[in-house]
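A short write-up of the structure that comes next.
Each value in this text was obtained by applying a stated rule to the coordinates, not by laboratory testing. These figures come from a predicted structure and were not determined experimentally. Note that we place each Cβ from the backbone using ideal geometry, even for glycine, and neighbour counts take in every protein chain shown.
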């Protein structure tokens with residue numbers, strides 16, 4: 001399978017769909033991996049890191065969408081990405097469709113097969129892709145609350 005990873009374009013999103021280590025695993029399993037240039041910059045991964053993992057670097061998201069079969073992202077596709085999805089694409093990402101009718105409509109119109117990380121279950125009914133994100137969010141909530149309580153940010157604390 002040809003696996004593609006475009007750069008995330010949602011504001012303030014610095015993650016990437018596949019790390020170089022994950023790309024290496026796909027390549028070792030016999031898949032082709034194509035990464036948009038600088039897609040890993042937000043996590044400190046360079047194009048050379050991906051090349052060393054066996055991936056091919058492409059110059060644009062347009063190329064990634066045109067040349068691959070499975071698109072791996074972190075965040076839900078943005079409107080400019082919906083139009084690049086096709087019937088033969090598998091999209092694998094967080095989707096959050098309930099509050100976003102436009103996104104749901106765009107995905108349906110594209111004809112792609114969209115798999116939401118937050119709906120993948122294991123043999124025991126658990127959510128193995130959502131659970132780690134929930135744990136991180138829970139830990140960060142304490143830190144965010146502490147910051148909000150500081151006087152310097154308008155709180156009543158020290």
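Values as computed for the structure displayed
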{"read-out": "Relative contact order computed over the chain (Cα-Cα under 8 Å; 6+ residues apart), in percent", "value": "18 percent"}
{"read-out": "Using alpha-carbon coordinates, inclination of helix 131-149 to the longest axis of the chain, degrees", "value": "40 degrees"}
{"read-out": "Mean shadow area of segment 52-139 over all directions, Cα convex hull, nm²", "value": "7.9 nm²"}
{"read-out": "Radius of gyration, Dmax [the chain; alpha carbons; angstrom]", "value": "17.9, 57"}
{"read-out": "Over the chain: helical MRE at 222 nm, DSSP H runs n ≥ 4 each giving -39500 (n - 2.57), nearest 500", "value": "-10000 deg cm²/dmol"}
{"read-out": "Least to most buried among 48, 100 (fewest other Cβ within 10 Å first)", "value": "48, 100"}
